[in-house]
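Student: Following this message is one structure expressed as C-alpha cells.
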Amino acid sequence: MKRLITLTSAVLCASVGGLLAQNAQSLKPQDDPKYLKKAALQIDQYVASFYRAKKLPVPEVTDDATFLRRAFLVSVGRIPTAEESLSFLEIEDPTKREALVDYLLKSNGYSSHMANWAFDLLRITDGRIGSSANNEPYRQWVRNAMTKNMHWNEFTSRLISSKGDGWDQNSAAVGYYTRDRGMPLDNLSNTMRVFLGARMECAQCHDDPFGTTERHDFYELAAFTNGQTTVGQEKMKPLWDELADDQKNKGEEYRIAQVLWDRVYGMSLAGGGSGQIELPTDYQYRDAKPGDMVGGHTPFGKMVMMSDKRAADDGRQKLAEWIVSKTGEQFSSVIANRMWKHVMGKGVYEPVDEFIPAAKTNYPDLVGFLGRIMVDMDYDLRGFQHVLLLTKTFQFGTNPNPSTVEGGDDFHGRKIERLASEQIWDSLITLAAGDPDKQAPRTLDDRIYVGNKPVLVGKKTMSQLSKEVLALKSEQDVRTYFAKFVSDVKSGGANTSGNAMMMGMTSTSVYNKDSKVRASELPSPAPRDHFLYLFGSSDREVVDASSREANVGQVLSLMNGFVQRELVNKSSAHLYKSLEGATTPNEKIRRLYVAILSRPPSDEEMTWMLDEVKKQGDAGYRNIVSALVMSSEFLFLQ
C-alpha cells in the first residue's frame, strides 16, 4: 500500500517541482497550474450565475468514490483497478483530486480513450468495402496523433491539406480522403459537420430548406477539394486492364497486382485541389446552368476565393487555412463544445455538430469563454479537458432528472448515462487482466498481403513497396518492377512467423473477440458477434454512429458470454487477486466492491452479501461478482 500511496504523492511532488523549476511566465497556459485553476474557477462562476438566474440550488460536490470512478471513465475510458482505487480512497489529502486528474491525463489510457473518440468522429475502419485497400496506416496516424497530443488545429489542417503516399506516416493523413474515394462530396459534407458544425448534406442535391446553404454554395465549397487523383496510377492502368480482362479467372498474378493497384496507388492521393468544379447535369436553379464551371468560394467567415478560369493545385491547403483560422469563433466553439460533452456528458448546446453563435446560446458568456480558452491553449485538447476536470461543475453529484434547458445542459448535477460500449469493454478487461494500459498498443501492420497471406516477410514492407512503386517514372518501369515483384513473391519469402517477430510486426488478425486488449487496439468496426458490437459500438459508416440503447442481446451476453467466462468462473481473473491476504468474508466482500464499483459496500449491502456467502460458500463470491458487474451502477456513469 505504501508503494501505491507514494505513486500519487510522486505526481503531486513532480507537479510542484516542475513549477518551481521554470519561470511561471514562460509556461504555456496548458502547462501552468495557476492558469488551469483560474480558468476552471471562471467556468464555475459562469455556471453559478446561471443558478442564480434560474433560482436553482447549487448541487452538492460528489464523494471521493464517485469522483474517482467518474474521473477514470471520462479521462481514460475505464474503471480504476483495485490497486488504483485503494491508493486514492485511503489518502487524506485535500489536493488528491487535482493530483488524480494530472495522473490520468498523462497516462497511456488517456490517448487510448481519445483514439476511440477520434475513430468514431472520423469513421475510421480497418478495411474498405469493395477494395483490398485498407486504412491501416491512416488509423495508425490518427492513433499516434492522439498519443502525441497533436493540437486540434494542426490535426485538422494536416488532414484537410494532406497529399502523397498513404503508407508514409508523414503523409498517411491522406486516408481522410482515400477512405471516401469516389465520394468527394460526402467527404466534404462530413468535413463541414465535424470541424465547423455546419450541416450541408442536403445542399449536395438542392437548396437546404432548413438552413441557409444553397446548392450553388455547396459546389463553390466543393471546388476547393475537387481534382483528387492517385499518384501515378495511370502508369499501371494498361497492365491492370490486361490482368483484369484475363478470364483464366484472375490467378495469382492478378492478386499480386491488386497489392500495387489497391494498396499502393489506391491509398495515395495527388492533386492538391483545383479550386474549380463543374455544376452537375441535374443542376436546377436559375443562378447558373448545368455544366457551368464555378470557382472556390467560402460561404461564411473571411472570404477565400479561387478562379473558375484556371485550375490550381492548392485548394485543399486554402480550405484548411480557412477552416482553422478564418471562420471566426466557429472552429474553436465547435471543438470546445465537443470536448465539453466528452467530459461533462452533454454539450453546452446540442447537438454538438450544429454550431450556434455564442450570442444565440442559452449561455453566451460561458460559450464565448470556452472558445477563448481553446484558442489560448492553442487547441490543446488535453489541456482543455484538464481545465474542465478541475471545475466544481464536473464534481457535482448525480442528477437523475433530464436537463431543464431545451437544446443544452442545465449543469445541475451529472446526468446519469449508460457507459459507451468501449468503456464497458475496457472496464471488463481491467477486471479480467489488470491495468490494460501496461500492454503495448497495436502497431502498424506493415506486411505485404497476397490473398490474405503475408509474403516477403522480413524482406520488404508495405511502406518500402509503396515508396518504390510511387517513384516509378513510366509504364515500362511499372511492368519491369511488377515482373520482378511477382518473381520475388513466387520464389519464397512467404509466411514465416519467426521473421514476422523479428521485424516487430503485429497483425490485426491476432486479435480475436476475447483478446484482453483495449477497444482502441481491436479491429474496427467490431465483428457482429463481438461484445463491442452488441453494446452499440459504431459501425463507422457515419459520424458518431454509436448507440447506448439497451437490448436483449446485451443481457444474454452478460449472462452467458465474456463476463461469465473470463470473470465469474475464471479463478485466475485479476479481480480475484484482490482477495489475496483477506481472511474474513467481510474483507473479501469489501475488496470485491472496491475492485468492481470503486467503493466499499454499505452496511445493508454487506448484510445481503454475507448471507449469500453463508448459503453458497466460495461460490457466493462468484455470484457477488456476477451481480455487481451486471448492476446498473457498474454499467452506468454517475
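Student: Could you tell me how many of the residues in region 533-556 are among the aromatic types (Phe, Trp, Tyr) and open to solvent by 70 Å² or more (accessible area, probe 1.4 Å)?
Tutor: The qualifying residues number 1.
Student: Let me ask something else about it. State which residue pairs qualify: first residue aliphatic (A, V, I, L, M) and inside region 385-401, second residue open to solvent by 30 Å² or more (accessible area, probe 1.4 Å) and at pLDDT 95 or above in any location, beta carbons under 7 Å apart, and separation of 6 or more residues or different chains.
Tutor: Listed by first residue and then by second, the contacts come to Leu390/Lys37; Leu390/Glu98.
Student: Report yes if some residue within region 346-366 is free of Cβ contacts under 8 Å to residues at least 40 places away in the same chain and in contact with a Pro (Cβ under 7 Å, 6 or more places away or on another chain); otherwise report no.
Tutor: Checked against the condition, which is being free of Cβ contacts under 8 Å to residues at least 40 places away in the same chain and in contact with a Pro (Cβ under 7 Å, 6 or more places away or on another chain), region 346-366 yields at least one hit.
Student: Which ones in region 199-224 are under 30 Å from the mean Cα position of the chain (by Cα) and open to solvent by less than 10 Å² (accessible area, probe 1.4 Å)?
Tutor: Matches in region 199-224: Met200, Ala203, Phe218, Leu221, Ala222, Ala223, Phe224.
Student: Here is a follow-up. Restricting the search to region 270-280, which residues are crowded, with 24+ Cβ neighbours inside 10 Å and under 17 Å from Gly182 (Cα atoms)?
Tutor: Correct list: Gly273, Ile277.
Student: Something else about it: State which residue is modelled with the lowest pLDDT when the search covers only region 513-542 and only residues that are within 17 Å of Thr430 (Cα to Cα) and in a loop (DSSP other than H, G, I, E, B).
Tutor: Lys513
Student: Another question, then. Would you mind stating whether Glu154 is at pLDDT 95 or above and of a type in the set (Asp, Glu)?
Tutor: Yes, satisfied.
Student: Go through region 354-369 and give me each residue that's under 21 Å from the mean Cα position of the chain (by Cα) and open to solvent by less than 10 Å² (accessible area, probe 1.4 Å).
Tutor: Result: no residue meets the conditions.
Student: Another one. Among the residues of region 88-102, is there at least one that is open to solvent by less than 10 Å² (accessible area, probe 1.4 Å) and in contact with a Lys or Arg (Cβ under 9 Å, 6 or more places away or on another chain)?
Tutor: yes
Student: Within the set of pairs 6 or more residues apart or between chains, which connect a residue that is of a type in the set (Phe, Trp, Tyr) inside region 195-211 to a residue that is open to solvent by 40 Å² or more (accessible area, probe 1.4 Å) with Cβ atoms less than 9 Å apart?
Tutor: Filtered contacts from region 195-211: Phe210/Arg199; Phe210/Cys202.
Student: Which one of Ala223, Ala173, Ala198 is touching a strand residue (DSSP E or B) at 6+ places or on another chain (Cβ under 6 Å), of a type in the set (Gly, Ala, Ser) and within 19 Å of Arg316 (Cα to Cα)?
Tutor: Every option except Ala223 fails the conditions.
Student: Then there is this: What single numbered condition from (1) over 25 Å from Thr81 (Cα atoms); (2) of a type in the set (A, V, I, L, M, F, W, C); (3) touching a residue at least 40 places away in the same chain (Cβ under 8 Å) fails to hold for Trp425?
Tutor: Every listed condition holds for Trp425 apart from (1).
Student: Please determine, by comparing only the residues of region 407-466 that are assigned to a strand (DSSP E or B) and touching a Gly at 6+ places or on another chain (Cβ under 7 Å), which one is surrounded by the most Cβ atoms within 10 Å (Cβ to Cβ).
Tutor: Here the residue is Arg414.
Student: Could I ask something else about it? Tell me which of these Pro59 doesn't satisfy, since it passes every other one: (1) surrounded by 13 or more Cβ atoms within 10 Å (Cβ to Cβ); (2) in a helix (DSSP H, G or I).
Tutor: The failed condition is (2).
Student: Let me ask something else. I'd like the full set of residues that are touching a helix residue (DSSP H, G or I) at 6+ places or on another chain (Cβ under 8 Å), open to solvent by 30 Å² or more (accessible area, probe 1.4 Å) and not basic (Lys, Arg), limited to region 370-403.
Tutor: Listed by number, the residues that qualify are Val375, Asp376, Asp378, Leu390, Thr398.
Student: Could you check region 62-71 and list, in sequence order, the residues that are in contact (Cβ under 8 Å) with a residue 40 or more places away in the chain and assigned to a helix (DSSP H, G or I)?
Tutor: Those that are in contact (Cβ under 8 Å) with a residue 40 or more places away in the chain and assigned to a helix (DSSP H, G or I): Ala65, Thr66, Phe67, Leu68, Arg69, Arg70, Ala71.
Student: Name the single residue that is farthest from Phe67 (Cα to Cα) among those in region 584-603 being assigned to a helix (DSSP H, G or I) and open to solvent by less than 20 Å² (accessible area, probe 1.4 Å).
Tutor: For region 584-603, the residue satisfying everything is Ile589.
Student: May I pose another question? Which one of Met606, Met559 is open to solvent by 70 Å² or more (accessible area, probe 1.4 Å), in contact (Cβ under 8 Å) with a residue 12 or more places away in the chain and not in a loop (DSSP other than H, G, I, E, B)?
Tutor: Met559
Student: Starting from residues that are of a type in the set (A, V, I, L, M, F, W, C) and within 20 Å of Thr391 (Cα to Cα), keep the ones in region 91-130 and report whichever is farthest from the chain's Cα centre (by Cα).
Tutor: Only one residue fits best here, namely Ala99.
Student: Go through region 281-336 and give me each residue that's open to solvent by less than 50 Å² (accessible area, probe 1.4 Å), over 19 Å from Ile160 (Cα atoms) and either without any contact (Cβ under 8 Å) to a residue 60 or more places away in the chain or part of a loop (DSSP other than H, G, I, E, B) (or both).
Tutor: Matches in region 281-336: Tyr283, Ala288, Gly291, Asp292, Ser307, Ala336.
To keep it simple, each residue is scored yes or no on (1) modelled with pLDDT under 95; (2) among the charged types (D, E, K, R).
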{"position": "Glu566", "(1), (2)": "yes, yes"}
{"position": "Asn569", "(1), (2)": "yes, no"}
{"position": "Lys577", "(1), (2)": "yes, yes"}
{"position": "Lys588", "(1), (2)": "no, yes"}
{"position": "Ala595", "(1), (2)": "no, no"}
{"position": "Glu604", "(1), (2)": "no, yes"}
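Student: Same structure, new question: If a residue must be assigned to a helix (DSSP H, G or I) and out of contact with any Asp or Glu (no Cβ under 8 Å at 6 or more places or on another chain), how many such residues does region 224-252 contain?
Tutor: Residues that pass the stated criteria total 11.
Student: Within the group Ala320, Ala312, which residue is of a type in the set (A, V, I, L, M), at pLDDT 95 or above and within 29 Å of the chain's Cα centre (by Cα)?
Tutor: On inspection, the qualifying residue turns out to be Ala320.
Student: Sticking with this structure for a sec: Return the pairs, sorted by first residue and then second, in which the second residue is open to solvent by less than 60 Å² (accessible area, probe 1.4 Å), the first residue lies in region 28-45 and is of a type in the set (S, T, N, Q), the beta carbons are less than 8 Å apart, and the residues are 6+ apart or on different chains.
Tutor: Hits for this filter: Gln30/Leu36; Gln30/Met377; Gln30/Asp380; Gln30/Gly383; Gln30/Phe384; Gln30/His386; Gln42/Phe369.
Student: Then there's this: Considering only region 562-582, how many residues are assigned to a loop (DSSP other than H, G, I, E, B) and under 31 Å from the mean Cα position of the chain (by Cα)?
Tutor: The number of residues fulfilling the criteria is 1.
Student: Being at negative phi, in contact (Cβ under 8 Å) with a residue 24 or more places away in the chain, open to solvent by 10 Å² or more (accessible area, probe 1.4 Å) and assigned to a loop (DSSP other than H, G, I, E, B) is the filter here; which residues of region 109-146 pass it?
Tutor: Thr125, Asp126
The values are calculated or read from the model by the stated rules, or taken from the named source; none is laboratory data. The shown structure was predicted, so the numbers you read here are calculated from the model rather than taken from an experiment. Don't worry about glycine lacking a Cβ; one is built from the backbone with ideal geometry, like all the others, and counts go over all protein chains shown. Just the protein is used for accessible areas: all its heavy atoms, side chains included, with ligands, DNA and RNA removed. Shrake-Rupley method; radii C 1.70, N 1.55, O 1.52, S 1.80 Å.
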